[in-house]
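For reference, the structure discussed in these notes is given below.
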């Protein structure tokens, strides 16, 4: 009996209690609450510059108050941007000629009290600022990105350019989920935005 009591005391640790609390919260919260939010893309521009097809756009409605609060507590926010180009064909499936995925991550350093935005498609050097608004704008905006060289297009052919953005929740250790349990609510994705072009 004494051996059994000893095991019981060892099993009831703070970490075990936290994990049990997390499981209980997940069991209580209904699955429909976890549905992704719908955000939008604005200021979309498809241009031909210096022999390249380029795209610019920004995500709106991505940062809710809860998301902003989580970022200020140290949770990184990561965006993914998708750009696809198709050659339209009447008698067959459209031909996919380009697929691009870009990413941007916003992090807050509570010690330095500044924000860092990583945009590897733009530069290897992180962008740092003390302004949260500027950091959010940098993380959610694509400006003049090269999509494809115009040499890949044929004169008189019709093409479709599709653009989409999404944000996935941060990956945290299990024992931190109870602190940021609302992170499940901040997943979002936009619709696909489609544009036709005759070259």
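Quick rundown of the values:
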| item | result |
| --- | --- |
| Residue match in segment 39-50 (condition: assigned to a helix (DSSP H, G or I), within 25 Å of the chain's Cα centre (by Cα) and either at pLDDT 90 or above or surrounded by 13 or more Cβ atoms within 10 Å (Cβ to Cβ) (or both)) | no |
| Selection count, segment 82-105, where residues are in contact with a strand residue (DSSP E or B) (Cβ under 8 Å, 6 or more places away or on another chain) and either farther than 18 Å from residue 153 by Cβ or surrounded by 13 or more Cβ atoms within 10 Å (Cβ to Cβ) (or both) | 16 |
| Condition check for residue 116: surrounded by 15 or more Cβ atoms within 10 Å (Cβ to Cβ) and more than 30 Å from residue 197 (Cα to Cα) | yes |
| Boolean, residue 68 is touching a helix residue (DSSP H, G or I) at 6+ places or on another chain (Cβ under 9 Å) and under 19 Å from residue 141 (Cα atoms) | yes |
| Conditions (1) farther than 18 Å from residue 197 by Cα; (2) part of a strand (DSSP E or B); (3) out of contact with any helix residue (DSSP H, G or I) (no Cβ under 8 Å at 6 or more places or on another chain); number of the one not met by residue 58 | (3) |
| Qualifying residue in segment 153-168 (condition: surrounded by fewer than 18 Cβ atoms within 10 Å (Cβ to Cβ), modelled with pLDDT under 95 and within 20 Å of the chain's Cα centre (by Cα)) | yes |
| Condition check for residue 114: in contact with a helix residue (DSSP H, G or I) (Cβ under 9 Å, 6 or more places away or on another chain), at pLDDT 95 or above and within 28 Å of residue 126 (Cβ to Cβ) | yes |
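The values are calculated or read from the model by the stated rules, or taken from the named source; none is laboratory data. Since the structure is predicted, the reported quantities are computational estimates derived from the model, not experimental observations. Every residue, glycine among them, receives a Cβ derived from its backbone with ideal geometry; neighbour counts consider all protein chains shown.
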